[in-house]
1. For the range 16-59, just say rounded, prolate or oblate: build the C-alpha gyration tensor, square-root its eigenvalues into a ≥ b ≥ c, call rounded for a/c under 1.5, and beyond that prolate if a/b exceeds b/c, oblate if not.
2. Hand me the trypsin sites (Lys or Arg not before Pro) from the range 1-96 located in a DSSP loop with no more than 10 other Cβ atoms within 10 Å, in residue order please.
3. For the range 59-69, in order, what is each residue's ³J(HN,Hα) by Karplus, 6.51 cos²θ - 1.76 cosθ + 1.60 with θ = phi - 60°, in whole Hz (x at glycine and Pro)?
4. Kindly write out, for the range 72-82 in residue order, the coupling ³J(HN,Hα) from the Karplus curve 6.51 cos²θ - 1.76 cosθ + 1.60 (θ = phi - 60°), rounded to whole Hz, with x marking Gly and Pro.
5. Tell me, what HN-Hα J-couplings in whole Hz come from the Karplus equation 6.51 cos²θ - 1.76 cosθ + 1.60 at θ = phi - 60° for each residue of the range 37-50, using x for Gly and Pro?
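Read-outs: derived from the displayed coordinates by stated rules, not from any lab. From a predicted model like this one, the values you see are computed outputs, not experimental measurements. Note that each Cβ is placed from the backbone with ideal geometry, even for glycine, and that neighbours are counted across all protein chains shown.
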Amino acid sequence: MSDTHHEDVQSHVKTYIKVFVALAVGTLVTVLASNIHLGIVLGIIVALVIATVKGSLVAGFFMHLSAERKIIYWVLVLTAVFVVVMMGLIMFTRQDQQGRQQGIFAVPQGHVPAHPAE
């Protein structure tokens, strides 16, 4: 009983060390990526990919989500899909506003409102 428990603990420690090394490499990749001029869109994509990988490692191993039931994975995937859809909506509406006056309360040129609320 004691030997199997000891082997089980050693197995978990080896896994945690591997995850720690992967997170350290991910941190190094993050620092290196921050020194490369990728542009705004590509820079955001690279940053989100790196953050997703590192966050998945933390959630999967340190928060023990890798041992959870399949319903947890479906909820996580559904959440990720909603995040992507909402980000896409934001990007779509932002693209729609290109060429227009920026700002929520932008007043068209030549138009003077009679009331401040107009």
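1. Oblate is the answer for the range 16-59, as a/c is 1.5 or above yet b/c matches or exceeds a/b.
2. Sparse-neighbourhood loop trypsin sites (Lys or Arg not before Pro): ARG69.
3. 5, x, 9, 6, 9, 6, 6, 5, 9, 7, 6
4. Going residue by residue, I get 4, 5, 5, 5, 5, 5, 4, 5, 4, 4, 5 Hz, with x marking Gly and Pro.
5. So the Karplus estimates, Gly and Pro as x, are 8, 9, x, 5, 5, 5, x, 5, 4, 4, 4, 5, 5, 4 Hz.
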